[in-house]
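This report refers to the structure that appears directly beneath it.
The values are calculated or read from the model by the stated rules, or taken from the named source; none is laboratory data. Since we're looking at a predicted model, the values are computed, not measured. Counting neighbours? That spans all protein chains shown, and the Cβs are built from the backbone with ideal geometry, glycine included. Side chains included, ligands, DNA and RNA excluded: accessible areas come from the protein's heavy atoms. Shrake-Rupley method; radii C 1.70, N 1.55, O 1.52, S 1.80 Å.
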Amino acid sequence: MVRRLVIGAAGQLGIELVLRMQKEFGVESVDISDIRVPENDAAMRSKFLHLDATDEKYDEVYHLAAMLSATGEKKPLAAWDLNMQSLLNVLEAAKEGLIKRLFWPSSIAVFGPSTPKNRVPQDAPLDPTTVYGISKQAGEFWCRYYHEKYGVDVRSVRYPGLIGHRSVPGGGTTDYAVDIYHFAAKDEPYTCFLKADQALPMMYMDDAVRGTLELMGAPKSKITVRTSYNLGAMSFTPSEVGESIRQQRPQFELRYAPDQRQAIAASWPSSIDDSAANRDWGWQPRITIDDMTSLMLDAISTKNETFEH
Ligand SMILES: NC(=O)c1ccc[n+]([C@@H]2O[C@H](COP(=O)([O-])OP(=O)(O)OC[C@H]3O[C@@H](n4cnc5c(N)ncnc54)[C@H](O)[C@@H]3O)[C@@H](O)[C@H]2O)c1
């Protein structure tokens, strides 16, 4: 049996990845770890380790623990400490032979003002403006270093903003695209913290989870990028999400009150060229903005539960 460990399993992405892996590979095949216990009961069927790092052996480790962009700007040194030290811990464990294959996510936050805005190429200059982005940039090069120097099989993607209905977003600049659906599902107006026309690359959770597992399942020989692969799906503005929601909920009201997160969003590209991921391991996004709107509104309304703000 392939043994897998997800670190940061209680987070927005972690919950989704754990549920998919339980379904695809069996509950026994996935252990989970976090500094808090996941609120999702199904996720807790997996063995829970109260650890940051582990000295058990795993075939695959998914290291998702991090402090995200907006929270990181409030606590820059703590963000650096968590994001870098925890990555170095797992890279060291992989170097020692405790982990066969390691997944660590980077982000579009590695890009910045000097990066092309549209269809940003795989090898565009990295120009992060946030501590989070700096930690992802440094992390990408640490990954490549451990691969080249010690043969560590570490794989990575630069996720765009991730949107899912199962959990509260973790303090990122793209969180509005999750929050908006919870308000729309309650028939309440939503006030967006980004400008109406701020286009950003985004991805529905099912695509993100599938892409992650496809990358981890690809033969080693196919992986040519050992920093991090660009990963694209859709690009939209807050106003376009509002339009998509209004197709189903014509009364939905969207207001704007941009805050400090707008400056972070403005430094990021609006769309991604992910042809390297397509060429190397066949990446293809599936979910469009209108698909996502239906999936989000249905899931939130069916569960009839929204998180508190
Ligand atoms: N959500 C997005 O839009 C997005 C976009 C790009 C990249 N990413 C990356 O994906 C990963 C997961 O993001 P997310 O949205 O699920 O974040 P999240 O904040 O929702 O989850 C992170 C989890 O890590 C846990 N954690 C913190 N410190 C820990 C420690 N010392 N040991 C173990 N666990 C710890 C937290 O309790 C939390 O449950 C992160 O690396 C993030 O940078 C996310």
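So which of R144, R155, R119 ends up being basic (K, R), in contact with a Phe, Trp or Tyr (Cβ under 9 Å, 6 or more places away or on another chain) and either at pLDDT 95 or above or surrounded by 15 or more Cβ atoms within 10 Å (Cβ to Cβ) (or both)?
R155
Could you give every pair whose Cβ atoms fall below 7 Å, whose first residue belongs to segment 160-183 and is within 9 Å of the ligand (Cβ to nearest atom), and whose second residue is of a type in the set (S, T, Y), counting only separations of at least 6 or pairs across chains?
The qualifying pairs are G161/T174; I163/Y204; G171/T71; G172/S69; T173/S69.
Go over the candidates L231, L213 one by one and state the one that is buried (at least 20 other Cβ atoms within 10 Å of the Cβ) and under 17 Å from the mean Cα position of the chain (by Cα).
Step by step, each of L231, L213 is checked, and only L231 is buried (at least 20 other Cβ atoms within 10 Å of the Cβ) and under 17 Å from the mean Cα position of the chain (by Cα).
Tell me, yes or no, whether segment 288-299 has at least one residue that is closer than 30 Å to E73 by Cα and touching a Leu at 6+ places or on another chain (Cβ under 8 Å).
no
If you take just the helices (runs of 4 or more DSSP H) that sit entirely in segment 244-309, which of them hold at least 3 residues that are among the charged types (D, E, K, R)?
289-303
Can you tell me how many residues within segment 208-235 are touching a Lys or Arg at 6+ places or on another chain (Cβ under 8 Å) and assigned to a strand (DSSP E or B)?
Of the residues in that region, 2 qualify.
Hey, could you check segment 33-53 for residues that are small (G, A, S) and at pLDDT below 85 and say which is nearest to the ligand (Cβ to nearest atom)?
Top of the filtered list is A53.
Pick out the one residue from M1, M21, M84 that is exposed (fewer than 15 other Cβ atoms within 10 Å of the Cβ) and in contact with a helix residue (DSSP H, G or I) (Cβ under 8 Å, 6 or more places away or on another chain).
Of M1, M21, M84, the one residue that is exposed (fewer than 15 other Cβ atoms within 10 Å of the Cβ) and in contact with a helix residue (DSSP H, G or I) (Cβ under 8 Å, 6 or more places away or on another chain) is M1.
Residue by residue through segment 122-136, note down the ones that are within 13 Å of the ligand (Cβ to nearest atom) and either more than 22 Å from K75 (Cα to Cα) or open to solvent by 50 Å² or more (accessible area, probe 1.4 Å) (or both).
I134
Which of the strands (runs of 3 or more DSSP E) found entirely inside segment 45-138 contain at least 1 residues meeting this: in contact (Cβ under 8 Å) with a residue 40 or more places away in the chain and in contact with a Leu (Cβ under 6 Å, 6 or more places away or on another chain)?
Passing ranges, in order: 58-63.
Taking segment 234-259 as the region of interest, how many residues are free of Cβ contacts under 8 Å to residues at least 24 places away in the same chain and surrounded by fewer than 13 Cβ atoms within 10 Å (Cβ to Cβ)?
1
Quick check on M203: is it in a strand (DSSP E or B), closer than 21 Å to P285 by Cα and either touching a strand residue (DSSP E or B) at 6+ places or on another chain (Cβ under 9 Å) or not hydrophobic (A, V, I, L, M, F, W, C) (or both)?
yes
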